[in-house]
Each structure stands twice: as C-alpha cells, then as structure tokens.
1. All but one of (1) crowded, with 20+ Cβ neighbours inside 10 Å; (2) more than 9 Å from the ligand (Cβ to nearest atom); (3) hydrophobic (A, V, I, L, M, F, W, C) hold for residue 54; state the number of the condition that does not hold.
2. Residue 174 - would you say it is more than 16 Å from the ligand (Cβ to nearest atom), exposed (fewer than 15 other Cβ atoms within 10 Å of the Cβ), part of a helix (DSSP H, G or I) and among the aliphatic types (A, V, I, L, M)?
3. Are any residues in region 12-32 closer than 18 Å to residue 128 by Cβ, within 13 Å of the ligand (Cβ to nearest atom) and either of a type outside the set (Asp, Glu) or surrounded by 20 or more Cβ atoms within 10 Å (Cβ to Cβ) (or both), and if so, which ones?
4. Can you name every residue in region 25-56 that is modelled with pLDDT of 95 or more and at positive phi?
5. Here are some residues: 35, 6. Which one is surrounded by fewer than 16 Cβ atoms within 10 Å (Cβ to Cβ), over 16 Å from residue 125 (Cβ atoms) and basic (Lys, Arg)?
6. Suppose we filter 61, 83 for residues that are crowded, with 22+ Cβ neighbours inside 10 Å, part of a helix (DSSP H, G or I), of a type in the set (A, V, I, L, M) and within 15 Å of the ligand (Cβ to nearest atom); which single one remains?
7. Going through region 48-58 one residue at a time, which ones are in contact (Cβ under 8 Å) with a residue 40 or more places away in the chain and part of a strand (DSSP E or B)?
Amino acid sequence: MSLIFRVETSAEIDSTNDALKARAQRGAEEGIVLRADVQTAGKGRRGRKWVSEAGNLYTSLLLRPTKTPAEAATLGFVMAIALGRLLRAVLKAPVEHKWPNDVLVDGCKISGILLESGGITGGKVDWLVLGIGVNLRHHPAETLYPTTDLLAAGGPVLTPDQALDLLLAEFRPLYAAWVAGGFAALRADWLAHCRGLGEPIVARLERDEISGRFEDIDADGTLLIRTDDGALKRIAAGDIFLVSRSAA
Ligand code: BTN
C-alpha cells in the first residue's frame, strides 16, 4: 500500500528536521511531513547553516522503511531525483544532480537535502527524517557553491505549499520503487542527469582533498574517483568541485 503523507504547517520553527526527529524518537508514525514558512536554526550538511527566510520551501518527511543504515543512506538520491523531475517540468534550463544530493539549475545549487536517521533494531534503522530546502524566490549569496532560485532561473511563482504538493507527487512512486528494489532500482535515473561524470573533480573531505576523474557511483551511492596514479578511491561523504567549470 502506498504511503499516505500528512502535511503539518508552522509559521516558524527552529529546524523542521530537529522538530521531526524529536517526534520520531517519541514514536510518531511515518508519513508526517512538517513544513515551516521560516526556520530560525535551519541546518545544512556537514554542520553548515541553511538560511531559511520566508518564500522558500523548508520541509521534512518522517519515514520508517525496513532498511539497513547503508541502504537508508541512499534515500537522499531518491529525493534528488524527485526534485530534478519537478524542476525539469517547470523550467527550460538544464537541471542536473550533483553528488551527493544537490540539484543544480544551470550549474547553480537550487536545493539541499539533509537525511538523518536514528535507532537500530535487528540491523534496520528505526526512523529516517528527510529534510529538503528548495530556493523558490530567493537564494543566499555567500555560499560554498554558486546558488540560484526558481524565479531567478526563469521558473514560475510557486508557493511553498504548491512546491511541496508537486514534490510529494514526484517522490511517492520513487519511494515505493526504492522500498521494493533499493537504490539499485533508481541508480540509473540518478546517473542519467549527473553533473561531472567522467570529468576531473576535487573531493574535499573532513581532513583531506582527493583529485581525480569522477568514474561512477556504486550501489550504495559511494563516489568513485580514479586518481592520476590509477587508484580507485571511494568517497562516502564530502563536497565535490568540478575542476574544469566555474560553477558548482
Ligand atoms: C544542504 O546543506 O545542502 C542540505 C540543506 C537541507 C536544508 C533543509 S530545510 C528543511 C530541513 N530542516 C533543516 O534544518 N534542514 C533541512
């Protein structure tokens, strides 16, 4: 049976991820979707802030799939595919996936995904909170990568509620495919729109930097980089930069 989403909206919240995580830990049912007009402590990947002023979409979904932590970690790719489909339907500009979970329009970041999980029972995660921010009307200026928003990219005026409805409609069948077949069922869809595949990249890790050619992603979403000496490096988490392009 397909998952039913129940959307709850707040004018202001610290972080939709944090609020939903607290409820997940208290046993809340899967399918809850929190959306806030404004976040006062929006969080990005790797401890960064996510600027969250009114006008953009800030939302989190609570899910309880029966997946190991490694399988669960691939859900961000699934949401990136959903976002890519939504944006391709309303924009003429090129829309690409950037490893791990970003979506780019004309080479500029338009959205971010923060996946958090908790509790392990019988080797499976108890809950997943999938947080999504989409720049609809404005985008931050001072960022690690160039950024854009839907309006600036020539798209329509969408309210956060409209964008959320469209996003959930795209995500629902992809989520069902992922629950049934894992990331293997969707990896080709993600790769079909991947930015930088086969090109020189630099991966910035916590304490290291690795340069080489972006060779592939494997079945669990790990990035594979072929370095100049022919070695294949596996990158589970980090930020990547394309060497030959000025945008992200
Ligand atoms: C990234 O750094 O690219 C991920 C950004 C994720 C932002 C979203 S906005 C809704 C949800 N709540 C948060 O605090 N973060 C995520």
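The values are calculated or read from the model by the stated rules, or taken from the named source; none is laboratory data. Quick caveat: nothing in here was measured; it's all calculated off a predicted structure. Cβ coordinates were reconstructed from backbone atoms using ideal geometry, including for glycine residues, and neighbour counts include every protein chain displayed.
1. Exception for residue 54: condition (1).
2. Against the criterion (more than 16 Å from the ligand (Cβ to nearest atom), exposed (fewer than 15 other Cβ atoms within 10 Å of the Cβ), part of a helix (DSSP H, G or I) and among the aliphatic types (A, V, I, L, M)), residue 174 does not qualify.
3. Initially, region 12-32 is screened for residues closer than 18 Å to residue 128 by Cβ, giving 15-32.
Among the residues that remain, those that are also within 13 Å of the ligand (Cβ to nearest atom) are: 15-22.
Matches in region 12-32: 15, 16, 17, 19, 20, 21, 22.
4. Residues satisfying the conditions are 27, 31, 55.
5. On inspection, the qualifying residue turns out to be 6.
6. 83
7. 57, 58
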